[in-house]
Amino acid sequence: MISGVPGTTLPALPLSEWEATKETLHLWSQIVGKVRMASAAPRNHWWHVTLYVDVRGLTTRRMHAPNAVTFQIDFDFVDHRLVVRTNEGAVESFELVDGLSVAAFDEKLHAALARLGIDVTIRESPFGVPMTTPFPDDREHASYDRDAVERFWRILDWTDGVFEEFAGWYCGKTSPVQIFWHSLDIALTRFDGKRAPALPDADPVTQEAYTHEVVSFGFWAGDQNVREPTYYSYTAPEPPGLRERRLHPDEAFWAEQGTGSLALLRYEAVRTAEDPKRTLLAFLESAYVAGAGASGWDAGDLASSWCPNPPELKDLLAG
């Protein structure tokens, strides 16, 4: 029986109530993410630049400074601090508060890293977002609603757990469950192993991300195009007939996004469901079945030993 913990309560997170905070946090995370990018050996699909959910907030996990010191940076959303720790026992931190601008955050982080002898040079400008002001000059974005940030983190923490379980159903190549800071979404990707057609006109980030066929899944808190927190899935390259395939639960739907299609399920439909975990798993499985089926993947061969059996999956998608 695929089901969640009885009585699971997830918090509401209307985008309009914390959008200014979300934009500030997004830019802060880009600064930290760029430090990670400068302090980690390159990996396929940009997996070396991402952040991760942890028990107190978000983390870079371990990074390597040029002087052989290892360190990590954590967004602590319990005590609301940005914390840098090294393998030598040194710790630097500063408070995350309303009024802390992107410029001040950038300055404080680089100063903390410099005191620890591990500072790195980053490209001091936002990536993939409407905001374009260089980090050291951005004094406009300075909002921090502690309660909203805590609710966002709680949602990420719960979502991370469901994604991890879903990842275990698959024995093909699978990404970590990770947070991409260019879009501030938590994501999981499945690969079937086949090379995707080259994308000669795409930017280098996109080219590296989509070297192989994928079905990807994620959650983000909303943006200028999707005005509420939403779970999503897409298949790339998009196969013919994808949008004709059924999604579950009934609240899920297909939408156009850029040059492709997104399967979408509003977070509110998950939050208010009788069994949020089962509802989200039904969406993830139905989006995978749609993408893998339309792409001609051998889903049976790619199912792991931990995947629910076919009758259980059929029941999951029955309602």
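Scoring S125 on the criteria (1) at pLDDT below 95; (2) in a loop (DSSP other than H, G, I, E, B) leaves a single failure, condition (1). From the list F180, F152, F127, the one residue that fits, being of a type outside the set (D, E), crowded, with 21+ Cβ neighbours inside 10 Å and either closer than 22 Å to E23 by Cα or in contact with a Cys (Cβ under 7 Å, 6 or more places away or on another chain) (or both), is F152.
One line per residue, one yes/no per condition, for (1) buried (at least 19 other Cβ atoms within 10 Å of the Cβ); (2) under 21 Å from E164 (Cα atoms); (3) touching a residue at least 60 places away in the same chain (Cβ under 8 Å):
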position	(1), (2), (3)
D203	no, no, no
V215	yes, yes, yes
G241	no, no, no
F283	yes, yes, no
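The strands (runs of 3 or more DSSP E) falling completely within the stretch 230-319 that include 1 or more residues that are touching a Pro at 6+ places or on another chain (Cβ under 9 Å) and either farther than 20 Å from W158 by Cβ or of a type in the set (G, A, S) (or both) map to 260-266. R227 meets all of the listed conditions (1) modelled with pLDDT of 95 or more; (2) open to solvent by 20 Å² or more (accessible area, probe 1.4 Å); (3) closer than 19 Å to L13 by Cα; (4) in contact with a helix residue (DSSP H, G or I) (Cβ under 9 Å, 6 or more places away or on another chain) but one, namely (1). You will find that of A187, A148, A198, the residue that is more than 16 Å from T50 (Cα to Cα) and either in a loop (DSSP other than H, G, I, E, B) or under 14 Å from the mean Cα position of the chain (by Cα) (or both) is A198 and no other.
Each residue in the stretch 35-72 was checked for being out of contact with any His (no Cβ under 8 Å at 6 or more places or on another chain), aliphatic (A, V, I, L, M) and farther than 15 Å from V84 by Cα, and 5 of them qualify.
Look at (1) closer than 27 Å to L280 by Cα; (2) of a type in the set (V, I, T); (3) outside any helix (DSSP H, G or I) and you find that T133 fails only one, number (1). Residues in the stretch 243-280 that are under 18 Å from T9 (Cβ atoms) and open to solvent by less than 30 Å² (accessible area, probe 1.4 Å): Y267, A269, V270, A273, P276, T279, L280.
Residue count for the stretch 161-184 under the criterion of being outside any loop (DSSP other than H, G, I, E, B) and either in contact with an Asp or Glu (Cβ under 6 Å, 6 or more places away or on another chain) or closer than 28 Å to R123 by Cα (or both): the result is 3.
With respect to the conditions (1) part of a strand (DSSP E or B); (2) touching a residue at least 12 places away in the same chain (Cβ under 8 Å), G222 falls short on a single one, namely (1).
Only one entry in R139, R146 is in contact (Cβ under 8 Å) with a residue 40 or more places away in the chain and basic (K, R), namely R146.
The values are calculated or read from the model by the stated rules, or taken from the named source; none is laboratory data. For clarity, every value in this text was computed on a predicted model and none was experimentally measured. All Cβ positions, glycine included, derive from the backbone under ideal geometry; neighbour counts span all protein chains shown. Only protein heavy atoms, including side chains, enter the accessible area calculation; ligands, DNA and RNA are left aside. Shrake-Rupley method; radii C 1.70, N 1.55, O 1.52, S 1.80 Å.
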